[in-house]
Amino acid sequence: MSTKWNLNKIYNDIDGNDILKDIEKLSVFIDEINEFATKHFTSEDVSYKAIDEYISLVNELMLYDNISSYIMLTLSADSSNRTAAKLFDKVSDITAKAVKSETLFKNYIKNADFENMPLTENMSEHIYFLERSKNEAAHALDERSEAIIANMKSTGSMAWQKLWENITSSLTCELGGEEIPLSLVRGMAYSPDGSVRKKAYEAELSSYDKIDTAGAFCLNYIKGEVLKETEMRGYSSALEKSVSDSRMDMEILNAMISAIDERTDELCEFYRIKAKYLRKEKLPFYDLFAPVGSEELAFTFDEAQKIVEKIFAGFSERLGSFAKKAFAENWIDAAPGSGKVGGAFCENIKKIGESRILMNFSGNFEDIITLCHELGHGYHNEVFRGESPINSLTPMPLAETASTFCENLAFDAAERLLPAGALITVKESRLSGELQSICDIYSRFLFEDSFFKERQKGSLSSDEICSLMIKAQKKAYGNSLDESALHPYMWLCKPHYYDAEFNYYNYPYAFGDLFARSLFASYKEKGAAFIPEYDKILSSCGKMSVKNVGKLAEIDFASKKFWNSGIDEIIKDIKELKAMFK
């Protein structure tokens, strides 16, 4: 089984004629949409026919996303690819022109009464898109300003983001007399050998001295641009815009964050238990992912594939067939390497109805969970195949639903599929992942929130940024971690901080974890009858608000009681693990 993905179904080569021709077609098509918008959306009379046609044009335009997806995938596997980097700039400049039609459209419909007008079938199918566009018009600028912002981003935040990707993907750590890629060294956090974990942690932190100044510049000017833009658009903060973009409201976010904050000490009992198991007074950061139990779990990629396929087939025939296809057709780039970005992600290529997944497989049990997580994203994309591109756009909190649900499937099945001695390892691994999605994510949320507030006063040095990160980690982990061995550079190795379009990409993970737990509880209760309900919920995620998706699942996300019910289940698992450690 290949551990490299096959991108040929998208394009044969980064400098081939097919992609270059499509880039030219994209440019022409955007000009045509702009001409259409100028012709139809500059009068005060609302034309339903024009709105209907515009929806179809946007859906067609979104199919051209395969161009930027292919370029991004190429750069993710090889950040030094200069051809891809140049095409990235070119396509960014072209797509920036689409802001003209978008702006004209939003201003055109801001006074439209969609509730009391006869709608075409196309408009009815995209009513949530229309209502959102109308609401977003309140924060839209004039056409010229929108064009300036869109064009300047390619030499602003997007350029800083590319610099960060380049310096981190090419960064090596000196370990044992060798220069080892950062992604491989970070993977050593899961080593069963404590000395390896500690040395890898120390090598990682030492390596950041080479890039921390450049990284600080990247973060400062990306977030600085975000602050300027959110102010221009009339948002009170970047957080308000993030919540709006996430199709939720502050009431929901506050309910979740408040529930987590109030129960931090209970949740962090997990880390105190783990420290005791490892015979330490408090847990150092490099031991967060230390495997426990007597059974050492290691897998080849082929073994991981078979396990994942079996897990998915155990849920439904559709999910099982999807996983088999993804592996058989080489959708996954798994092997770590120099020039390859760290972490993992799943990219939806709507035009071909497929996904592509990047990860850095090192052979531990966590990699199986990562495979399930990213394939869960891919399955969500599979469910969207019957939806239009517009109705397949999922807000960040709901985008983590299917992925985290598949993690639950994996942990539930692990007891049956893995050796008997691995049970304690699996239970600890599950809690480790969930606490990562809650406590660590809470620390990242606190850090980003504090960084934005400090950035309003001026740029921050690398040392000042590290100080904010340490403060956030102490707050989120309580007194459970060894404060002399935290991770001050967590801001430098996480990609989400460097995307100006996705600020606060942290709380969606906590949201997704607790929401997925609720859905999994429904599955355990209802069995096979839940499967069509699950697919219906997933298919609705691109065409409903978070609140209404919750109603579909019979959940009130604005209720702290709901979030506490999920935390209760996690704390129950922590108590069970504690009993197993005795």
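The values are calculated or read from the model by the stated rules, or taken from the named source; none is laboratory data. These numbers were taken from a predicted model, which means no experiment stands behind them. In this analysis, Cβ positions are derived from the backbone assuming ideal geometry, glycine residues included, and neighbour counts consider all displayed protein chains.
Of all the residues in the range 45-89, those that are part of a helix (DSSP H, G or I) and either aromatic (Phe, Trp, Tyr) or in the same structural domain as Ala335 (by TED's automatic domain parsing) (or both) number 4.
Criterion applied to Glu464, Glu454, Glu415, Glu448 was being part of a helix (DSSP H, G or I), of a type in the set (D, E, K, R) and closer than 18 Å to Ala579 by Cβ, and the one residue passing it is Glu415.
The set of residues in the range 137-175 being in contact with a strand residue (DSSP E or B) (Cβ under 9 Å, 6 or more places away or on another chain) and either more than 28 Å from Arg197 (Cβ to Cβ) or touching a residue at least 40 places away in the same chain (Cβ under 8 Å) (or both) consists of Ser169, Ser170, Leu171, Thr172. Restricting the search to helices (runs of 4 or more DSSP H) fully inside the range 101-210 and requiring at least 3 residues that are closer than 22 Å to Met248 by Cα and not assigned by TED's automatic domain parsing to the domain that holds Leu278 gives 127-136.
Kindly indicate which of Ala84, Ala98 is closer than 17 Å to Ala37 by Cβ and either modelled with pLDDT of 90 or more or surrounded by fewer than 19 Cβ atoms within 10 Å (Cβ to Cβ) (or both). Spell out how you get there, then give the answer.
Numbers: Ala84 fails: closer than 17 Å to Ala37 by Cβ.
The match here is Ala98.
Checked against the criteria, Ser79 does not count as within 30 Å of Tyr108 (Cβ to Cβ), out of contact with any strand residue (DSSP E or B) (no Cβ under 7 Å at 6 or more places or on another chain) and not aliphatic (A, V, I, L, M). Out of everything in the range 542-582 that is under 26 Å from the mean Cα position of the chain (by Cα), part of a loop (DSSP other than H, G, I, E, B) and of a type outside the set (A, V, I, L, M, F, W, C), what residue ends up being surrounded by the most Cβ atoms within 10 Å (Cβ to Cβ)? Only one residue tops the list, namely Gly542. The condition of being assigned to a loop (DSSP other than H, G, I, E, B) and under 24 Å from the mean Cα position of the chain (by Cα) holds for only one of Phe312, Phe289, that being Phe289. Taking (1) surrounded by 19 or more Cβ atoms within 10 Å (Cβ to Cβ); (2) out of contact with any Asp or Glu (no Cβ under 6 Å at 6 or more places or on another chain); (3) over 30 Å from Val341 (Cβ atoms) in turn, Phe114 satisfies each apart from (1).
When the range 16-69 is limited to residues that are more than 19 Å from Lys100 (Cα to Cα) and in contact with an Asp or Glu (Cβ under 9 Å, 6 or more places away or on another chain), the one that is surrounded by the fewest Cβ atoms within 10 Å (Cβ to Cβ) turns out to be Ile19.
Answer yes or no as to whether Ser467 is among the hydroxyl-bearing types (Ser, Thr, Tyr), surrounded by fewer than 16 Cβ atoms within 10 Å (Cβ to Cβ) and out of contact with any Asp or Glu (no Cβ under 9 Å at 6 or more places or on another chain).
Working: among the hydroxyl-bearing types (Ser, Thr, Tyr): yes; surrounded by fewer than 16 Cβ atoms within 10 Å (Cβ to Cβ): yes; out of contact with any Asp or Glu (no Cβ under 9 Å at 6 or more places or on another chain): yes.
When the stated conditions are applied, Ser467 passes them.
Condition (residue is acidic (Asp, Glu), without any contact (Cβ under 8 Å) to a residue 40 or more places away in the chain and not assigned by TED's automatic domain parsing to the domain that holds Val243) applied to the range 459-467: is it met by at least one residue?
Keep residues of the range 459-467 that are acidic (Asp, Glu), which gives 463-464.
Narrowing further to those that are without any contact (Cβ under 8 Å) to a residue 40 or more places away in the chain: 463-464.
Still in the list and also not assigned by TED's automatic domain parsing to the domain that holds Val243: none.
No: zero hits.
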